[in-house]
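Heads up, the thing below is written out as structure tokens.
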Amino acid sequence: MIRLAAWVFALVALPVQAASWEFSSALDVSPEQPGVFHQLDSAGRKHIAVSGDTVAVIWEESRAGATQVNAAFKLLSQKVFNVVRVSHGSAPVVASLGGGRFAIAWEQDGEVWVRVAEPAAPGPPLRLAQKAMQPSLAVLGSDVVAVWSEEVDHHPRIRFAHLKREGQSMRLVGIARDVDGTPPKAEQLYPDVALTPAGVTVAWEDRREGHTILLHAFSRDGKRFNKPQILNEQPPKRSEVYGKGTGVARVALARHGVRGVAAVWLDKRSFLEGYDVYTGFARDGARFGKNEKVQDEFGNNISQWHAAIAADATGRVAVAWDDDRDGSADLWLAWPKAAGQWSENVAMSVASGSGQQSSPAIVFDAAGNLHLAWTERDTPETPTRLRYTVGKFLK
């Protein structure tokens, strides 16, 4: 295990590090306030995005028993975030539209909404669905797509739609469609979506087997999806003692390379150890290869939580999560060293140590810098604060 030293934006001598990343000093996105609790736990963990020279962080905030969605923006060159209230609601996500603009989606009163946002002000909201929850977004050029879980005939199912930005507004293109052509007989939840020149990849939690599995489906034209396939590899024998399956949770997707998709999720196939972090890669967005375990042997005997992934068109990949292998909830980072091989896990000193650091959200910018947002609190009983840092890879 290696701890990453903070990278301060100043002309100071830095010690030689065995790790390959250095991070800036942490900034407050939203400071600690009495009775206020921040959450970064939406489908796909898409709580941070970079658009041109602007970074945006979006979160759910609970105060006085009510929840609201807030967004914060800052120029990459600045150190202070400007916070804008988006709406009352929960489960927000954000995606870059380029040019300093963003698309944001969220749940509100049992409905899913989307709007354009920029530091000056958000655009008008557009309702995408009723009896719906857990949205996620993806953008490629001028193409914008959304997925969510919508209750139809008493079972939540995954729905998909094309969107188009027109100035400060969003509009629905065509109609929303089912990703799974077979009407579900059990819950379909927590979807995420990735968009590449090859097509659209959607993944979600599915309960049709009597336990949670991850399914994914692919569409070349964004209209018809192929038959869903299982993403998480199944053990040869299921335990009669511990139920029908091993359990998985919270898949997240990101574009990887020109036409590929990377996935990360929490997997309990080694049930005595709790959740582990696993990834999978699809070169064409449709067919995923062998599952790869991310955390190293030092993290094998404890549970991992809140796995997030960042990837980009150049092939960069990073995975972050929190675990308490060192006695406190810290943020950990890993990245591929070679095909099927992952780096030693490293704890970011800017987001580890005393207190509790959890719920990371990560994204790469165009220069390959890794932007990170997370929640932090001194004790389990104290209010939270929302923090931010940016890291550079040391070649």
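The values are calculated or read from the model by the stated rules, or taken from the named source; none is laboratory data. What you are looking at is a predicted structure, and each value in this text was computed from that prediction instead of being measured. Positions of Cβ are backbone-derived with ideal geometry, glycine not excepted, and every protein chain shown enters the neighbour counts.
What to note about this one:
Per-residue answers, yes or no, for (1) within 22 Å of LEU333 (Cα to Cα); (2) touching a helix residue (DSSP H, G or I) at 6+ places or on another chain (Cβ under 6 Å); (3) modelled with pLDDT of 95 or more:
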{"residue": "ASN226", "(1), (2), (3)": "no, no, yes"}
{"residue": "PRO235", "(1), (2), (3)": "no, no, no"}
{"residue": "ARG250", "(1), (2), (3)": "yes, no, yes"}
{"residue": "LEU253", "(1), (2), (3)": "yes, no, yes"}
{"residue": "GLY260", "(1), (2), (3)": "yes, no, yes"}
{"residue": "TRP265", "(1), (2), (3)": "yes, no, yes"}
{"residue": "LEU272", "(1), (2), (3)": "no, no, no"}
{"residue": "THR279", "(1), (2), (3)": "yes, no, yes"}
{"residue": "PHE288", "(1), (2), (3)": "no, no, yes"}
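- Test: residue in the stretch 330-340 that is touching a strand residue (DSSP E or B) at 6+ places or on another chain (Cβ under 7 Å) and more than 25 Å from VAL50 (Cβ to Cβ): yes
- Qualifying residue in the stretch 353-365 (condition: in contact with a Pro (Cβ under 9 Å, 6 or more places away or on another chain), closer than 11 Å to GLY391 by Cβ and of a type in the set (A, V, I, L, M)): no
- Residue selection: GLY99 satisfies the criterion of being of a type outside the set (A, V, I, L, M), surrounded by fewer than 19 Cβ atoms within 10 Å (Cβ to Cβ) and closer than 30 Å to LYS164 by Cα.
- Members of the stretch 137-162 found to be touching a His at 6+ places or on another chain (Cβ under 7 Å) and farther than 22 Å from SER51 by Cα, listed by number: none
- From the list GLU32, GLU61, the lone residue that is among the acidic types (Asp, Glu) and either in contact with an Asp or Glu (Cβ under 6 Å, 6 or more places away or on another chain) or closer than 11 Å to PRO92 by Cβ (or both) is GLU61.
- The set of residues in the stretch 291-314 being closer than 19 Å to ALA338 by Cβ and in a loop (DSSP other than H, G, I, E, B) consists of ASN291, VAL294, GLN295, ASP296, ASP312, THR314.
- From the options LEU189, LEU163, LEU214, residue that is over 20 Å from VAL264 (Cβ atoms), at pLDDT 95 or above and either hydrophobic (A, V, I, L, M, F, W, C) or part of a strand (DSSP E or B) (or both): LEU163
- Options GLU118, GLU150: the member that is charged (D, E, K, R) and either within 21 Å of HIS306 (Cα to Cα) or out of contact with any Ser or Thr (no Cβ under 9 Å at 6 or more places or on another chain) (or both): GLU150
- In the stretch 59-151, counting only strands (runs of 3 or more DSSP E) that sit wholly within it, the ones holding 2 or more residues that are closer than 21 Å to ARG385 by Cβ span 66-75, 82-88, 90-98.
- Residue match in the stretch 268-278 (condition: surrounded by 24 or more Cβ atoms within 10 Å (Cβ to Cβ), more than 25 Å from SER24 (Cβ to Cβ) and either without any contact (Cβ under 8 Å) to a residue 60 or more places away in the chain or hydroxyl-bearing (Ser, Thr, Tyr) (or both)): yes
- Complete set of residues in the stretch 36-58 that are in contact with a Pro (Cβ under 7 Å, 6 or more places away or on another chain), closer than 19 Å to VAL390 by Cα and of a type outside the set (A, V, I, L, M): THR54
- Strands (runs of 3 or more DSSP E) contained in the stretch 318-382 and holding at least 1 residues closer than 18 Å to GLY44 by Cα: 330-334, 356-364, 370-377
- Which numbered condition GLU61 misses (of (1) modelled with pLDDT under 95; (2) among the acidic types (Asp, Glu); (3) over 19 Å from ALA320 (Cα atoms)): (1)
- Answer from ALA311, ALA351 - the residue that is on the phi < 0 side of the Ramachandran plot, surrounded by 24 or more Cβ atoms within 10 Å (Cβ to Cβ), in contact (Cβ under 8 Å) with a residue 24 or more places away in the chain and within 15 Å of the chain's Cα centre (by Cα): ALA311
- Here the condition is being surrounded by fewer than 16 Cβ atoms within 10 Å (Cβ to Cβ) and under 22 Å from GLU233 (Cα atoms); of ALA318, ALA338, it holds for ALA338 alone.
- Test for VAL173: is it modelled with pLDDT of 95 or more and within 20 Å of the chain's Cα centre (by Cα): no
- Checking the stated criteria, HIS88 turns out to be in contact with a strand residue (DSSP E or B) (Cβ under 9 Å, 6 or more places away or on another chain), surrounded by fewer than 18 Cβ atoms within 10 Å (Cβ to Cβ) and closer than 26 Å to PRO31 by Cβ.
- Residue match in the stretch 201-222 (condition: touching a helix residue (DSSP H, G or I) at 6+ places or on another chain (Cβ under 6 Å) and either in contact (Cβ under 8 Å) with a residue 24 or more places away in the chain or surrounded by 17 or more Cβ atoms within 10 Å (Cβ to Cβ) (or both)): no
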